[in-house]
């Protein structure tokens, strides 16, 4: 995963004799913050002047009111900076600031004459972490499952079936109508590589922009964004299919792969603001920031508190517009830093760690908790030897939370497609509740591996709203045709817990029996696929734990 550099408060060059300060975000680049948005030509009553209708509709759908933060930076303030000799590189309406360029440091003093420029910032010194060469991870043979799926996933089978994502796909939820922005370092040959042919043929690539070079040429150079995109949008039936191959995409470059400066955290915000303005539903970035080429910009663990770094603040602001923000947790688990990196510490984003193909912790995956004690990462997906598109056009493997993140983001798009009236935070909460260790989250896997089929049922209120203190087991649908679910919830039972489920016929003969070991879900949804071929009739289901036994009659149609 790319390292993210980003702080709400950048290293500042201080002009002490005038009591003025501004932040140097990379060589010859500075962040200038403004005091207000007074006398703006824009109005919150006319959002169509700076937001697309899709963006406005998202706010209306989820009851989000327009506010001054949505207004662009006052053009008059920008003109004042250019009059002094600065070149405007980018602006952030959410932070009310501009990134400017100049090789003449003497004009920085002139900023004191502008009443609308803030003259004080907190200065934070950061420690430097030594850069390490990425470890080559061994290729792991994918586990293949015999499943009757809409898609032939090929080498990507395990990373989808681990999440029960194929069951959403089989129900028709494959990302249609969902718009995902992928923010990264580059999208090498996305316009030519075979995995993305169908995205172009079906007009699923809505557009792209480069906030590093401020142009639209981002299909050369770095391969990282291309591989991230492949985890979601690849469509090579029988070889490799991503988790949301029918979604639509905006491709946004925010990362400069050749250097590490805090300006990239600002670029992250510029990209997120752009995504908001064009009506994106989900923003995913496989980026994380904790150390930089300029030691003074480095973050400390105490900065991972959800309120300090620039990109973390920006990520929460992005979530406040109704978008769901998905971010990889980081690849520092085996390094001295060890912890998640910004913006994975944000409290309103979905932070994703990594596991191996069997579901065990991947040694490199960054760990929580946040400095203020919150559970992070939120959930995990396969990141060790994940299937990706290679630069040569072949299907290959790569390791990192850079890939577990988009695998998850694509499945989230399918889930949200199925429940469009749920807001971003309701989706995140449901995933936490329906993950493998929801009752006992930890610092490595968070709430664990989510079950997307279970989450789909949970959000639909099927099977769960019938559970209460008097009715601790609910079986649905009943009568059933092909698939039967057993929902269990007993607050008095310790977690994890093991179940023995036995199905009897009317004569008391055992039809099938199955063990479920070490179940941690607070709401346990057990899928009895073994009953698909059962003959029509009346049966009994018995569920045994160490201390309780539950029995219920079922009818097979």
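The values are calculated or read from the model by the stated rules, or taken from the named source; none is laboratory data. Treat the numbers as computed from the prediction; the structure is a model and nothing was measured. Methodologically, a virtual Cβ is constructed for each residue, glycine included, from the backbone with ideal geometry; neighbour enumeration extends over all protein chains shown.
Okay, here's what the table says:
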quantity: Qualifying position, being surrounded by fewer than 22 Cβ atoms within 10 Å (Cβ to Cβ) and under 27 Å from residue 221 (Cβ atoms), among 385, 341, 399, 392; calculated: 392
quantity: Residue match in segment 128-150 (condition: assigned to a loop (DSSP other than H, G, I, E, B), under 30 Å from residue 382 (Cα atoms) and at pLDDT 50 or above); calculated: yes
quantity: Candidate set from segment 466-482 (those that are touching a strand residue (DSSP E or B) at 6+ places or on another chain (Cβ under 9 Å), in a loop (DSSP other than H, G, I, E, B) and at pLDDT below 75); member that is surrounded by the fewest Cβ atoms within 10 Å (Cβ to Cβ); calculated: 466
quantity: Close pairs (6 angstrom Cβ cut-off, 6 or more residues apart or separate chains): free of Cβ contacts under 8 Å to residues at least 12 places away in the same chain and not assigned by TED's automatic domain parsing to the domain that holds residue 64 in segment 310-321, crowded, with 24+ Cβ neighbours inside 10 Å and part of a helix (DSSP H, G or I) anywhere; calculated: none
quantity: Residue among 352, 379 that is at pLDDT 95 or above, crowded, with 24+ Cβ neighbours inside 10 Å and within 18 Å of residue 184 (Cβ to Cβ); calculated: 352
quantity: Among the candidates 236, 251, 193, 206, residue that is closer than 25 Å to residue 61 by Cα, over 19 Å from the mean Cα position of the chain (by Cα) and in contact (Cβ under 8 Å) with a residue 40 or more places away in the chain; calculated: 206
quantity: Flag for residue 338 being modelled with pLDDT of 95 or more and farther than 26 Å from residue 248 by Cα; calculated: yes
quantity: Set 115, 79, 119: member being assigned to a loop (DSSP other than H, G, I, E, B), under 22 Å from residue 30 (Cβ atoms) and at pLDDT 90 or above; calculated: 115
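For (1) modelled with pLDDT of 95 or more; (2) within 12 Å of the chain's Cα centre (by Cα); (3) crowded, with 24+ Cβ neighbours inside 10 Å, each residue gets a yes or a no:
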site: 325; (1), (2), (3): yes, yes, yes
site: 365; (1), (2), (3): yes, no, yes
site: 408; (1), (2), (3): yes, yes, yes
site: 414; (1), (2), (3): yes, no, yes
site: 422; (1), (2), (3): yes, no, no
